[in-house]
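Only the coordinates and a few stated rules stand behind these numbers; no lab work does. Keep in mind it's a predicted model, so treat the numbers as computed, not measured. Every residue, glycine as well, gets a Cβ built from its backbone with ideal geometry; the counts of neighbours run over all protein chains shown.
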Amino acid sequence: MSELLKKEPVKRVEEFLKKFDPNLKIIVLDTTARTAKDAANSLKCELGAIVKSLVFKAEDTFIICLVSGDKRCSLNKLKKILNKKDVAMANADQVKENTGFSIGGVAPTGHLKKLNIIVDKSLSRFKYVYGAAGHPDCVFRITYPELVKLTIGSEQEIIE
């Protein structure tokens, strides 16, 4: 068993995944998945099939946007959807405090705090998508409909 699977953030993700579907497994990569491009290269899949978990501060709350690896999240669309004027990327400390994960390993599930999640519809182009699993070298594979159910995410069009 990989030492990475024993790390608390990875175990937290695994616990959430197993409760949702016992067949979901964490994949430990030989090479890093710190960026979407790294993950796609490691998995030999399309960049768009990588789920980027982006944490935003929207005035007094934090939200997570799950966006396809080959797309950019539109702050203007996000502001309209949330009906908030002040929306910006969270900093590394805010990400860690709200999710329990470091940037590069932020999973779509298993967060320390209850966060609203928006899932970009562009991810639905792929049969399977890959999300981070609590560490830059760990991911999991899931279908788009399962990802929406797992995260209790709101499906929106949030890309530029």
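Details
- Listed residues 33, 107, 144: farthest to the positive end of the dipole of the chain (Cβ charges): 144
- Over 19 Å apart at the Cα level, from the set 37/114; 57/77; 18/71, are 37/114; 18/71.
- Calculated mean residue ellipticity, 222 nm, the chain: -8000 deg cm²/dmol, from DSSP H runs (n ≥ 4) at -39500 (n - 2.57) each, averaged per residue and rounded to 500.
- Charge tally in the Cβ shell below 13 Å around residue 58, where Lys, Arg are +1 and Asp, Glu are -1, residue 58 excluded: +3
- Amide hydrogen neighbours beyond the local backbone of residue 90, cut-off 5 Å, H modeled: 55, 56, 57
- Once you reduce the range 97-160 and the range 1-58 to the center of their Cα atoms, the two points are 9 Å from each other.
- Under 13 Å, Cβ to Cβ, from residue 14 - net charge with Lys/Arg +1 and Asp/Glu -1: +4
- Shape of the range 1-70, Cα gyration tensor, a/c cut at 1.5: oblate
- Measuring max minus min along each principal axis, the C-alpha atoms of the range 70-148 give extents of 35, 29, 22 Å (largest first).
- Assigned charges on the beta-carbon of Lys, Arg, Asp, Glu; the chain dipole about Cα centre (debye): 240
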